[in-house]
Amino acid sequence: MIGSNLKADSLFRSAITTIFVASLASILVAFPIMSGTEVHGQDMCATIAQKYSQNSAALGEKTYPQSQDCAPTGNGQSLYAVYENGNIYQINDPPAVMILNGPIMDRWISLGQEQSALGLPMEEQKALPSGNPGEAQVFQYGTIFLKQGSVTQWMMIGDIWDFYAEHGREQGQLGYPISPPLTAPNPTAKYQQFENGYIYYSPSKGAYITAGKDQSPSMSLPAAMTVQASDSVGAIVTYAVQAQDDHDPQISASCNPPSGFLFYVGTSTVTCTLSDSINAPVVGQFTITVKSDDSVVPPPTTTPPTTTPPGTTPPSTPPNTLNALIAGKLVAVEVKSSSTITNFIFDEKSKRLSFRAEGQSGTEGSTELSIGRVLQGPYVVTVDGQATTNFEVSEADGVATINISYTHSVHGITISGTNVVPEFQFLMGLIILPAFIAIIVITRFGGLHMHLSFPR
């Protein structure tokens, strides 16, 4: 116990020491900037005063601060002084940097000065090469450009800046920036306009140049399709969607339900979405109608769901009894759902129950069935042709019940089992009957063997 207390006391003292050292280090780092004391052997305010003495004619008289040589900036990262025709800033290391009144200063002030995305000036305003004359000033996190006779624009350090520098900056094919950095319709991407084109950047594609604005991708959808059902359930339908994008030849549309899906008897809406790395998604729809024979009787439907706000779960309707035909007999299946259930079909040969669930888009839906009345598990569930694990199997009154969850739109749902329930019972009978016969035979022959071996 004493050893534990000593160990805890030691840990506590160590923690206090660590906090003290870290706090002291923070004070020592911040003190030179906030107090104007020496950094690297030079007084920061003295450095500002020296810079001013070299440029007093251009800067004019000091206007702030009046009672001391310099003051801290609003973000606390620098010391500065204000003059009639410009400012001088001193961060940590000499030399001090001067920024003069004019279009570049005005643009920097409009962005928020040292508290803007650009930060503090790091270099003084410089003339650019005569091939495409202008001026620029470098800041901590970007650069402001000024072309002769034009308005100022700025660029941020990052992927677009690196790409722009690789292509010759203002002396290259793009020329000067004529817009600020902008966010693309796809918020993960950004772009900037220049005199002779655009630079786009996205995390998935990197940076690239376009002559004009990046155009949204396009797709060509099939016309409304009508096909004949291949069985009582529906038909597997394939279709093709053509997609095109100027900068991504491999782009493809995502459609739901997908091509090659089992479409049920009736009309289904296919929704296709096409997305690239820059633009907002393009969405289109077409319909597929599966026609059945006249002999097929439409299955019953459940009570339609009530209107429910998006993102919520509609209340489930009371259980409905839907019938599955097994070995020529109707078997009642209880269905409790927050969706409209149609096309309820049991395929005895395929050991599959299928139905269509429809509800208000954006709400959560669920359907519960007494699946154990018709199919023996384990079960495989698909929604729109894709396997899902969003279901739970439980048992009530000795009957397996399955509850399937999904987000509402229009879904084709299938449940596949390992055996049809009567078929399973019949197989059990086939197993039990020979076993019973075997017991009788063994018993009789066993009795005969005992009789021969041990005569009375």
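Nothing in this text is a laboratory measurement; each read-out follows from the coordinates by a stated rule. This structure is a prediction, so every number in the text was calculated from the model and none was measured. Here the Cβ is made from the backbone with ideal geometry for all residues, glycine too, and neighbour counts use every protein chain on show.
Points to keep in mind about this one:
- Here the spin labels are modelled as points 7 Å beyond Cα on the Cα-Cβ line, and at LYS126 and ASP162 they lie 2.1 nm apart.
- Three-way shape call for the stretch 155-305 based on the alpha-carbon gyration tensor, with the a/c threshold at 1.5: prolate
- In terms of its alpha-carbon gyration tensor, the stretch 122-172 comes out oblate; a/c meets the 1.5 threshold, while b/c is at least as large as a/b.
- Mean Cβ count within 10 Å, highest first, over the residues of peptides 181-188, 45-52: 45-52, 181-188
- Here the stretch 102-150 and the stretch 195-251 have alpha carbon centers that stand 41 Å from each other.
- Loop trypsin sites (Lys or Arg not before Pro), the stretch 176-219, which have at most 16 other Cβ atoms in a 10 Å radius of their Cβ (DSSP): LYS205, LYS213
- Gyration tensor (alpha-carbon) shape descriptor, the stretch 155-228, a/c threshold 1.5: prolate
- ALA71 versus VAL227: modelled label distance in nm, points set 7 Å from Cα along the beta carbon direction: 7.6
- Inter-part distance where the stretch 154-176 and the stretch 336-376 are each reduced to a Cα centre, Å: 58
- Karplus-derived HN-Hα couplings along the stretch 338-347 (A = 6.51, B = -1.76, C = 1.60, θ = phi - 60°), whole Hz, x at Gly and Pro: 8, 10, 7, 9, 9, 6, 6, 9, 10, 9
- Distance (nanometres) between label positions extended 7 Å along Cα→Cβ at VAL82 and ILE109: 0.9
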